[in-house]
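Report on the following structure.
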Amino acid sequence: MHAPLQAVLMTILNTVYISTFPTRTPLADLLGTPGGDIAGSGLSSGNPSLSRFAIEFHKLLQSPVLAMLVAFQAILTVVVWIGIFLAMLRCRHATLEYRVWTIYLMLVSLFMIVLAAGGEADVRFRVPVVPLFAIVAALGYFPVARSPVACES
């Protein structure tokens, strides 16, 4: 490896990219509209820049339906990450079982995301991890209820 620091930085940036950005290309292909990526022209095809983001955003706005679907996907992503954050906060005062479920699922999810975040990172690689993220988010929004205390008569 000629540039280990750059490889680590690229992996970190691609991990954030895979974890947060919505999927556009399959939706654009399904709708038959512009706004998807041509191989090597998307947001993950080089160093991050505002000009590339502006170009991709302009392509997205060419189709109102695609823009709505991507906005919906972005809102769902934010909701899931808020749930994950709440689950992690609850781990400090939760039962051992809750902590094991939450931390185990997050570690497996993050491991899979980091593995997919190499030089060929694409948002579609997040798909296998989304159910795990959703379970952790559900644990954040709906924590496990404590077992009822038996009443003595």
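We did not get these values from a lab; they are worked out from the coordinates using the rules stated. Small disclaimer: the values here were computed from a predicted structure and weren't measured. When we count neighbours, we look across all protein chains shown, and the Cβ atoms used for this are built from the backbone with ideal geometry, even at glycine.
Restricting to Cα pairs below 8 Å that are 6+ residues apart, what does the relative contact order work out to for the stretch 63-153? Please round to a whole percent. Provide the component values of the computation, followed by the final result.
Details: 56 pairs, mean separation 38.7, N = 91.
After rounding, I find 43 percent.
Relative contact order (percent) for the stretch 4-141, with alpha-carbon contacts under 8 angstrom and 6 or more residues of separation? Write out the running numbers ahead of the final one.
Details: 140 pairs, mean separation 48.9, N = 138.
Result for the stretch 4-141 is 35 percent.
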Inset, instruction - Just name one of Met68, Val78, Val127: the one whose Cα is farthest towards the positive end of the charge dipole of the stretch 4-141 (beta-carbon charges, Lys/Arg +1, Asp/Glu -1). - result: Val78
Inset, instruction - In Å and from the alpha-carbon atoms only, list the Rg and Dmax of the stretch 4-141. - result: 16.5, 50
Inset, instruction - Would you grab the residues whose amide H sits under 5 Å from the one on Ala117? Only those 5+ places off in sequence or on another chain, please, with H modelled 1.01 Å from N. - result: none
